[in-house]
1. Provide a single number: the residues in segment 73-94 that are within 16 Å of ligand 1 (Cβ to nearest atom) and in a helix (DSSP H, G or I).
2. If ILE3 meets every condition in (1) among the β-branched types (Val, Ile, Thr); (2) surrounded by fewer than 18 Cβ atoms within 10 Å (Cβ to Cβ); (3) within 16 Å of ligand 2 (Cβ to nearest atom) apart from one, which number is that one?
3. Which of the residues belonging to segment 1-21 are assigned to a strand (DSSP E or B) and hydroxyl-bearing (Ser, Thr, Tyr)?
4. Which residue is farthest from ligand 2 (Cβ to nearest atom), if the candidates are limited to segment 22-56 and must be in a helix (DSSP H, G or I) and closer than 16 Å to ALA206 by Cα?
5. Under 8 Å by Cβ, and 6 or more places apart or on different chains, what pairs join a residue from segment 73-85 that is at positive phi with one that is at pLDDT below 90?
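The values are calculated or read from the model by the stated rules, or taken from the named source; none is laboratory data. Note that this is a predicted model, so its numbers are computed, not measured. So basically every Cβ, Gly included, is an ideal-geometry build from the backbone, and we count neighbours across all protein chains shown.
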Amino acid sequence: MKIYGRGDTAVRALDGATLSIPAGQFTAVMGPSGSGKSTLMHALAGLDTIDGGQVLLGDTDLSRLGERQRTLLRRERVGFVFQSFNLVPTLTAAENIALPLTLAGRRPDQEWIDELVAILGLADRLRHRPTELSGGQQQRVAVARALAARPEIVFADEPTGNLDSRAGEALLSFLRRAARELGQTIVMVTHDPSAAAYADRVVFLADGRVVDELSAPAVPAIL
Ligand code: ADP
Ligand code: ADP
């Protein structure tokens, strides 16, 4: 449960939302504006606290952790991809990709990063700064950055929102591949049914609750 504000103006942004995300699954979260998608994602990622209930990442209950512990947990176990890319403009693509590891004081697993860079088609863009890259390339750098530390779970907030359809499809294919072939757990918030169709499973929110669920093969039928 997540409540914003108090008294008469209080909003129950999450109210009995229950879901379980198996490791290695690519899950899409859909729902109308205001249904609680961002709040759910922030709660699952340990970006925000909740007012009741539990958020379990493996055996760890995020709802019992303090701010400092949640920050550490995000750094070590969670990756983020945002609609706005959030790349550091003064750093090259390679430096942006390595940033979470640099901040965590960890040595990059260069073989893994090389593999990511190759799969994402970024090998000849590593020395470029964000302004020298297309939107699709910037988003792929953001995805490589999210995966660089091999986090247990990656949260993507409208990752195709700022991409043209071809770049969007390439990104979604990669996310699906990351789940299927690399065993990465991915949770993506999207408004776009054709983006959700790439996921293994689609969870629908309304009024802070999970109201429906579909496995991917059923999704195109509702478009
Ligand atoms: P979605 O991402 O699906 O659009 P949100 O999680 O952003 O939904 O919002 C869920 C509900 O919580 C909405 O009613 C929204 O107005 C409210 N809400 C979200 N963030 C805040 C906030 N910081 N303060 C007050 N109300 C908020
Ligand atoms: P929006 O899409 O609404 O512009 P974002 O999705 O980019 O916002 O960011 C949502 C929240 O996550 C913000 O409060 C931001 O401060 C936080 N945030 C952004 N990047 C990170 C990160 N790498 N680690 C932790 N928190 C982050």
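1. The qualifying residues number 0.
2. Exception for ILE3: condition (3).
3. Once the filter is applied, which keeps residues that are assigned to a strand (DSSP E or B) and hydroxyl-bearing (Ser, Thr, Tyr), segment 1-21 yields only TYR4.
4. First, pick out the residues of segment 22-56 that are in a helix (DSSP H, G or I): 37-44.
Applying the additional criterion that residues be closer than 16 Å to ALA206 by Cα yields 37-41.
Details: LYS37: 11, SER38: 7, THR39: 11, LEU40: 13, MET41: 8 Å.
Across segment 22-56, the extreme among qualifying residues is LEU40.
5. From residues that are at positive phi, the pairs are PHE85/ASN162.
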